[in-house]
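The values are calculated or read from the model by the stated rules, or taken from the named source; none is laboratory data. These figures come from a predicted structure and were not determined experimentally. FYI the Cβ positions are ideal-geometry reconstructions off the backbone, even for glycines, and counts take in every protein chain you see. Only protein heavy atoms, including side chains, enter the accessible area calculation; ligands, DNA and RNA are left aside. Shrake-Rupley method; radii C 1.70, N 1.55, O 1.52, S 1.80 Å.
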Amino acid sequence: MDLVTGSILCVPPLSPLLRDEVGRRYDVLDLPVPDRDAFLAENVEALSEVVGIVCTNAGPVDAALVAALPRLGVIANHGVGYDNIDLDACRERGVVVSNTPDVLDAAVAETALGLLLATRRRLVEADRFVRAGRWADGEFPLTPQLSGSRVGILGLGRIGRTIADLLAAMGCVVSYHSRHEVPGTPYAYARSATELAAGVDNLVVVVPGGPATEALVDRPVLDALGPGGVLVNVARGSVVDQTALVEALEQGRLGAAGLDVLADEPHVPASLRELEQVVLLPHVGSATEETRAAMRRLTLDNLASWLDSGRLLTPVPELSS
Ligand code: NAP
Ligand code: 8YV
């Protein structure tokens, strides 16, 4: 018997597997995307029964939504990043928030490694070269090697450390920047993003999104990385100044970029799509069958635990006492 009873609001987009599982367990209300504000105004009674939200990074939970749910107690976010959620509004109302740390580290690290290989070794360009029938005309150009190169990790957290360890096993020289130096790590610390970029061939961005990291990778960082440099972003589009990135690539001030995340997902500017030296992914960092199953389980376990006992398994640190 749940300690708290009421319905669950599903904020789109949710994968059908997650949405169906929530629906099997609870009374569910689905928030529509286009007419959200009208829906909030017209469904006051049903919304007054909502005790929990299930959402992902692409589904904003802002102050207006929190205010429209007088009994809201918990938000279970299907993802480790929670820059989609207004934490101040949650704190004010005593709403708690869970996320899905650890279970996705390997999948996201694989994606970062894939993007590094694809850009450094120009693998996607080489694929296009073969498909275009150009192989018979001559060899594909030589490329720099990833193994043995210098890689900077911007954000040596759970995922950043996993990426660093994979790269170290490939003989890469790894260094990092986070706001705090990580004790006991074998990797060299840089005091700023620019200092990190200046000392490496490849920069991997894996910090949280939100105002504190907005455009942390700006023109000076990109210029420090330089014409031979590769930028890989598996964090959030907001962390990289996308206009500065396109300019740097167009002007040859940066070598290449591998992007799993973009500024205005799912919209990708033509200026980026047209660049040969850019590899673009549709935010699939954690999108393996195994990892998504683990993320769904953790999201649902957090929700059930809060409803049963008032406790979360993996609360976000900003709101946990
Ligand atoms: P984490 O363990 O909290 O690590 C975040 C790291 O970033 C920490 O080392 C933190 O260290 C550093 N950091 C935070 N703010 C910073 C700042 N202003 N300047 C420099 N460094 C900063 O998080 P995680 O589990 O590794 O996840 C990281 C992020 O990856 C998520 O928040 C999410 O946005 C993104 N992500 C993307 C995908 C995808 O599909 N592409 C999947 C999962 C996660 P300090 O606190 O010492 O600064
Ligand atoms: C997912 C993510 O794309 O965990 C995150 O922060 O960005 C990714 O794992 C997303 O949350 C899917 O629901």
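Report, by residue number, each residue of segment 26-61 that is part of a loop (DSSP other than H, G, I, E, B) and farther than 26 Å from LEU3 by Cα. Once the filter is applied, which keeps residues that are part of a loop (DSSP other than H, G, I, E, B) and farther than 26 Å from LEU3 by Cα, segment 26-61 yields PRO32, VAL33, PRO34, ASP35, ASN57, ALA58, GLY59, PRO60. Regarding segment 19-26, can at least one residue be identified that is open to solvent by less than 40 Å² (accessible area, probe 1.4 Å), under 25 Å from VAL207 (Cα atoms) and in contact (Cβ under 8 Å) with a residue 24 or more places away in the chain? No, segment 19-26 has no match at all. Set side by side, the residues ALA67, ALA107 differ, and just one is under 24 Å from ALA235 (Cβ atoms) and either touching a residue at least 60 places away in the same chain (Cβ under 8 Å) or not assigned by TED's automatic domain parsing to the domain that holds ARG158 (or both), which is ALA107. Per the listing VAL205, VAL217, VAL232, the residue uniquely near ligand 1 (Cβ under 10 Å from one of its atoms), crowded, with 21+ Cβ neighbours inside 10 Å and either at positive phi or in the same structural domain as LEU275 (by TED's automatic domain parsing) (or both) is VAL205. ARG158 falls short on exactly one of the conditions (1) within 16 Å of ligand 2 (Cβ to nearest atom); (2) touching a residue at least 60 places away in the same chain (Cβ under 8 Å); (3) open to solvent by less than 70 Å² (accessible area, probe 1.4 Å), and that condition is (3). Considering the conditions (1) of a type in the set (Val, Ile, Thr); (2) in the same structural domain as VAL240 (by TED's automatic domain parsing); (3) closer than 25 Å to LEU313 by Cα, VAL97 is excluded by exactly one of them, (2). Number of residues in segment 82-105 that are surrounded by fewer than 22 Cβ atoms within 10 Å (Cβ to Cβ) and either modelled with pLDDT under 95 or within 11 Å of ligand 1 (Cβ to nearest atom) (or both) equals 6.
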